[in-house]
Structure formats: C-alpha cells, structure tokens
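Single-structure report; data block below.
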Amino acid sequence: QVQLVESGGGLVRPGGSLRLSCAASGSDFSIWTMAWYRQTPGKQRELIASISPGGRTNYADSVKGRFTISRDKAKNTVYLEMDSLKPEDTAVYYCNVHLVVDFWGQGTQVTVPS
C-alpha cells in the first residue's frame, strides 16, 4: 500500500516562498514518477510539476521559472520549492504517484493573500 503525506503549506505573502514536502511509503519510490497537483474550489485538479526516476522535470506554464520539484531517494521524499508566490497560487496542493491507479496525499493548503 502506497501512502503519501504532504507537509509545508501555510500562509505566505505575495513574493514569498514555501517548500512543500511529500513523504512516500513503499520500497519502489526510486522508480516512480512523482508529481504535484493543485486544486481550487470548483476547479479540476491541475498538474503543475513532475519528476521522473532519472530526475527529468516538467512544469505547467503557470509555475515555470518559479517552482522547482526535486526528490531525495534516500528519504523517499519529493519536494516542491515555490518562489515568487502569487495570490493565484492559492490552492490545496497534492502529491501524486500514478501506478496502476493514482495515489494521493491528503493535501496541504497554500494561501497567498492578495
């Protein structure tokens, strides 16, 4: 059973930074592609960043140049460094791994007031 636990969300001023963490259970973490999504009320969950087992990263245009995804295989943890935060980044952020099915964490709230 895969478990994902996010942490690091909070309230931050525009222009500020936050780092989200996602701790994953499972012995195959090193071969999983990990991703971060976010969701605001009334909208579909949006893929914002992913990282392959080899470290290849992809970003949504909305966060490119501001957010950085990384992983520590020794700690079974994936990170999302968020810089230059904007009010439109306010959302619940979810960690994800897609195996045969999708596994999700519980989500962590990020709030950037306008």
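Just so it is clear, none of the values below were taken in a lab; they were calculated from the coordinates. In this text, all values refer to a predicted model and were calculated from it rather than measured experimentally. No Cβ is skipped: glycine too gets one built from the backbone with ideal geometry, and neighbour counts run over all protein chains shown.
Selection of region 79-114 for residues being of a type in the set (D, E) and over 14 Å from the mean Cα position of the chain (by Cα) yields E88, D102.
Residues in region 1-20 that are surrounded by 13 or more Cβ atoms within 10 Å (Cβ to Cβ) and either farther than 15 Å from M82 by Cβ or out of contact with any Leu (no Cβ under 8 Å at 6 or more places or on another chain) (or both): V2, L4, V5. For the residues T68, T77, T33, T40, the requirement of being without any contact (Cβ under 8 Å) to a residue 40 or more places away in the chain, surrounded by 13 or more Cβ atoms within 10 Å (Cβ to Cβ), out of contact with any Pro (no Cβ under 6 Å at 6 or more places or on another chain) and of a type in the set (S, T, N, Q) singles out T68.
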